[in-house]
Amino acid sequence: MAVNEEVYKEITDELYASKVTLVAVSKTKPAEDIQALYNLGQRDFGENYVQEITEKQPELPADIRWHFIGHLQSNKVKYIAPFVYLIHGVDSEKLLQEINKQAAKNNRVIHCLLQIHIAQEETKFGLDAEELQQLLTSIVSYPEQWSHIHIDGLMGMASFSYDAQKVRGEFQYIHQLFQQHQALSTSNCQLQTLSMGMSGDYKMAVEEGSTMVRIGSLLFGKREYNK
Ligand SMILES: *Cc1c(COP(=O)(O)O)cnc(C)c1O
């Protein structure tokens, strides 16, 4: 088992002080590592791959809050719709429609974050400021069409860069978009959660207004993709 208990305690103490939620990112890690962190009190876990999350979920305690943090394809929403707690990477109206549909089939409301695109990082998914505005307008103007989703906030990933000022600027940009739309308050949309920050940059993300960090390698050690 490769759970770093000391680091976990340090991070949770630190985040508790600033009321930030920790999502432990367990992708590629075995169920026993998740169970080990669960035994220390962790309940929020994040996964990136549909197949992996659907395999692990039934093997682990039912009160785990499963966050889907990867890029989600519309045709796979149905597999996670019965149990997912929060979907972080919503980046299109088409995907949101499918989530709404599958949530209705499961008689539930699925909570979502809209992913913001960082202009400098071409490989990453997400909405730009204008697309965000359009999607939010659609959601709040036609609540009856969007009765099985709830928009909880925004998610963003900063560039993978050693340029700290650049990374900080990106977090500031996402935070600014978050604040811009915080006045929205409808039955299906209220921005309260700002998911940003990973192992390498979470402290800075918290300084720039993050309310939810997604941390993997600091807790579970480096990932091995080709076992
Ligand atoms: C893998 C992943 C993380 C965690 O990354 P670490 O650097 O291991 O903390 C966070 N967010 C997303 C979207 C990820 O894919």
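The values are calculated or read from the model by the stated rules, or taken from the named source; none is laboratory data. Quick caveat: nothing in here was measured; it's all calculated off a predicted structure. Glycine gets a Cβ as well: all are built from the backbone with ideal geometry, and neighbour counts include every protein chain shown.
So that you can scan it fast, the table gives a plain yes or no per residue for (1) among the basic types (K, R); (2) surrounded by 20 or more Cβ atoms within 10 Å (Cβ to Cβ); (3) at pLDDT 95 or above:
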residue	(1), (2), (3)
V3	no, yes, no
K9	yes, no, yes
T21	no, no, yes
A31	no, no, yes
R43	yes, no, yes
Y49	no, no, yes
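List every residue pair whose Cβ atoms sit under 6 Å apart, with the two residues 6 or more apart in sequence or on different chains, where the first one lies in segment 186-205 and is more than 15 Å from H150 (Cβ to Cβ) and the second, anywhere, is within 14 Å of the ligand (Cβ to nearest atom) and among the hydroxyl-bearing types (S, T, Y).
From residues that are more than 15 Å from H150 (Cβ to Cβ), the pairs are L194/S210; M196/S210; G197/S210; S199/S217.
How many of the residues in segment 195-227 are within 12 Å of the ligand (Cβ to nearest atom) and acidic (D, E)?
Number satisfying all stated conditions: 1.
What pairs come up if the first residue lies in segment 10-21 and is free of Cβ contacts under 8 Å to residues at least 40 places away in the same chain, the second is exposed (fewer than 11 other Cβ atoms within 10 Å of the Cβ) and not in a strand (DSSP E or B), and their beta carbons are under 8 Å apart, counting only those six or more places apart or on different chains?
Short answer, once both residue conditions are applied: T12/G41.
Picking from Q145, Q176, Q180, which residue would you name as being under 16 Å from H111 (Cα atoms) and away from the ligand (no atom under 16 Å from the Cβ)? Talk me through it step by step, then tell me what you get.
Working: Q176 fails: under 16 Å from H111 (Cα atoms); Q180 fails: under 16 Å from H111 (Cα atoms).
Residue meeting the stated conditions: Q145.
Would you mind telling me which numbered condition in (1) within 16 Å of the ligand (Cβ to nearest atom); (2) part of a helix (DSSP H, G or I); (3) under 18 Å from the mean Cα position of the chain (by Cα); (4) farther than 17 Å from Y225 by Cβ Q57 fails?
All conditions are met except number (1).
Among the numbered criteria (1) more than 22 Å from E47 (Cβ to Cβ); (2) in contact with a helix residue (DSSP H, G or I) (Cβ under 9 Å, 6 or more places away or on another chain), which single criterion is violated by K78?
So K78 meets the others, but not (1).
For segment 52-72, how many residues meet the condition of being without any contact (Cβ under 8 Å) to a residue 12 or more places away in the chain and closer than 20 Å to F125 by Cβ?
0
When you check M204 against the structure, is it surrounded by 14 or more Cβ atoms within 10 Å (Cβ to Cβ), over 15 Å from the mean Cα position of the chain (by Cα) and not in a strand (DSSP E or B), yes or no?
yes
Could you list all residues from segment 129-169 that are acidic (D, E) and modelled with pLDDT of 95 or more? Before the answer, list the steps.
First, the residues of segment 129-169 that are acidic (D, E): 130-131, 144, 152, 163.
E130, E131, D152, listed by residue number.
Do the conditions hold for D13, that is, is it among the acidic types (D, E), in a helix (DSSP H, G or I) and closer than 23 Å to M204 by Cβ?
Details: among the acidic types (D, E): yes; in a helix (DSSP H, G or I): yes; closer than 23 Å to M204 by Cβ: yes.
Spelling it out, D13 is indeed among the acidic types (D, E), in a helix (DSSP H, G or I) and closer than 23 Å to M204 by Cβ.
Does at least one position in segment 102-125 carry a residue that is hydroxyl-bearing (S, T, Y) and within 15 Å of the ligand (Cβ to nearest atom)?
Yes, because at least one residue in segment 102-125 is hydroxyl-bearing (S, T, Y) and within 15 Å of the ligand (Cβ to nearest atom).
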